[in-house]
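Notes follow once the structure below has been shown.
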Amino acid sequence: MTVKKVLLAKPRGFCAGVERAIEVVNLALELFEGPIYVRKEIVHNKHVIDHFEAKGVIFVEELDQVPGGATVIFSAHGVSPAVRREAAAKNLKVVDATCPLVTKVHLEAVRFAREARSIILIGHQGHEEVEGTMGEAPDHVQLVGTEQEAEAVQVPDPDRVAVITQTTLGVDDAQRIIDVLKRRFPKLVTPPSHDICYATQNRQTAVQRLAERAQLVLVLGSDNSSNSRRLREVAEDAGARAYLIDDASQIDPAWLDGVECVAVTAGASAPEYLVEEVIDHFRALGASDVEELEVIRERVTFVAPPELARAMAERETGR
Ligand code: SF4
């Protein structure tokens with residue numbers, strides 16, 4: 001059997017936070033004298049990083065690799081206040097590409113800490129977003145990644161506990177952990193709206209629907225992209241075989257044995273041209289039917305950070 005049909009998930013690929021972060025780097029390249037430094041990967045995608053490196057952008061792990069006075073961009077995943085202080089001490093010109101939905105979680109951490117609550121952050125150890133959020137209230141936040149950890153976590157006052165989450169978790173996984181916390185801490189305070197962002201939720205809903213119709217699901221995204229990894233897991237939980245790939249060159253012909261319909265989606269940091277290359281790959285193998293399944297319509301956009309808006313206005317007025 002050969003692949004006859006390709007089903008495309010919609011929404012897939014770039015979210016509003018990633019679009020904005022990429023636009024920030026493009027504008028910084030235009031508006032400011034180089035070199036432009038970016039702390040951490042601007043978004044977690046190998047192709048995006050390679051593209052900007054080719055344009056001269058320098059990616060660093062920490063600010064001690066950036067010379068004093070230089071321009072540095074903070075990635076979409078956000079930074080802790082300690083990093084902001086370090087940037088100020090080095091007199092760096094900062095452009096902040098933190099996604100506004102990550103900032104929302106930071107502000108919740110600050111508010112819950114002011115209310116003298118213990119904060120349980122559901123997230124993945126070592127992820128940049130988690131490090132940034134924890135840094136907002138290091139004495140209040142404890143990280144929990146599994147139901148077992150939620151069963152074991154200890155707090156000084158079980159009546160004063162709040163929960164926040166990383167923005168890119170599996171919706172069902174996070175809910176199971178929250179359920180454990182609610183049972184253990186009946187007065188648990190949750191944020192007014194979900195911390196898992198709209199893009200993560202929508203891409204998971206879409207891939208779940210597709211996975212019910214395809215034998216194989218391919219998720220475009222890099223291995224360090226949390227939301228892309230969750231898409232692969234959601235597809236697998238829905239009953240399909242699923243693989244995370246950086247691009248079409250990683251498709252293993254052995255995966256296609258017995259597969260008539262393959263579904264394709266992309267994580268929030270994966271560019272659309274990678275999806276097009278996968279479609280071309282299957283067309284070349286004889287697939288003639290390509291169908292896009294729109295599960296949810298998205299209309300979210302974010303404005304540029306104020307420091308860039310100011311620089312653009314100055315350029316326009318010639319100052
Ligand atoms: S995945 Fe969500 S939180 Fe992350 S950049 Fe995109 S919109 Fe923002």
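One residue stands out among those in region 85-105 that are of a type in the set (D, E, K, R) and within 16 Å of the ligand (Cβ to nearest atom): the one that is nearest to LEU27 (Cα to Cα), which is ASP96.
Within region 264-300, the set of residues being part of a strand (DSSP E or B) and either over 21 Å from ARG229 (Cα atoms) or in contact with a Lys or Arg (Cβ under 7 Å, 6 or more places away or on another chain) (or both) comprises THR265, ALA266, ASP289, VAL290, GLU291, GLU292, LEU293, GLU294. Hey, any hits in region 292-308 for a residue that's within 24 Å of VAL25 (Cα to Cα), of a type in the set (Phe, Trp, Tyr) and surrounded by 15 or more Cβ atoms within 10 Å (Cβ to Cβ)? Yes, region 292-308 contains at least one residue that is within 24 Å of VAL25 (Cα to Cα), of a type in the set (Phe, Trp, Tyr) and surrounded by 15 or more Cβ atoms within 10 Å (Cβ to Cβ). Filtering region 190-205 for residues that are modelled with pLDDT of 95 or more, out of contact with any helix residue (DSSP H, G or I) (no Cβ under 9 Å at 6 or more places or on another chain) and either among the aromatic types (Phe, Trp, Tyr) or closer than 24 Å to VAL102 by Cβ (or both) leaves a non-empty set.
On the stretch given as region 182-209, residues that are in contact with an Asp or Glu (Cβ under 9 Å, 6 or more places away or on another chain) and in contact (Cβ under 8 Å) with a residue 24 or more places away in the chain total 12.
Here VAL180, VAL219, VAL207 are screened, and the one residue that is hydrophobic (A, V, I, L, M, F, W, C) and in a strand (DSSP E or B) is VAL219.
Say whether the condition of being surrounded by 20 or more Cβ atoms within 10 Å (Cβ to Cβ), away from the ligand (no atom under 16 Å from the Cβ) and either among the small types (Gly, Ala, Ser) or assigned by TED's automatic domain parsing to the domain that holds GLU272 (or both) is met by at least one residue in region 55-62. Within region 55-62, none of the residues are surrounded by 20 or more Cβ atoms within 10 Å (Cβ to Cβ), away from the ligand (no atom under 16 Å from the Cβ) and either among the small types (Gly, Ala, Ser) or assigned by TED's automatic domain parsing to the domain that holds GLU272 (or both).
Criterion applied to VAL43, VAL24, VAL3 was being outside any loop (DSSP other than H, G, I, E, B) and in contact (Cβ under 8 Å) with a residue 40 or more places away in the chain, and the one residue passing it is VAL24. Candidates are the residues of region 194-224 that are farther than 20 Å from PRO271 by Cα and within 13 Å of the ligand (Cβ to nearest atom); the one that is surrounded by the fewest Cβ atoms within 10 Å (Cβ to Cβ) is HIS194.
Evaluating ASN227 against the criteria (1) at pLDDT 95 or above; (2) more than 16 Å from the ligand (Cβ to nearest atom); (3) within 23 Å of ALA248 (Cα to Cα) leaves one unmet condition, (2).
Look at region 152-168: where a residue is closer than 15 Å to ARG183 by Cβ and a partner is in a strand (DSSP E or B), sitting 6+ places away or on another chain with Cβ atoms under 6 Å, you get VAL153/GLN142; VAL153/VAL144; VAL155/SER118; VAL155/VAL161; VAL161/SER118; VAL163/ILE120. If you filter region 5-48 down to residues that are closer than 28 Å to VAL259 by Cα and among the small types (Gly, Ala, Ser), you find that the one that is farthest from the ligand (Cβ to nearest atom) is ALA9. Screening the candidates VAL163, VAL105 for the property of being in contact with a helix residue (DSSP H, G or I) (Cβ under 6 Å, 6 or more places away or on another chain), in a helix (DSSP H, G or I) and closer than 16 Å to VAL189 by Cα yields one hit, VAL105. The number of residues in region 73-94 that are more than 19 Å from LEU143 (Cβ to Cβ) and crowded, with 24+ Cβ neighbours inside 10 Å comes to 4.
The values are calculated or read from the model by the stated rules, or taken from the named source; none is laboratory data. Fair warning: this is a prediction, and the values are worked out from it, not measured in the lab. Ideal geometry is used to build each Cβ from the backbone, glycine not excepted, and the neighbour counts take in all protein chains shown.
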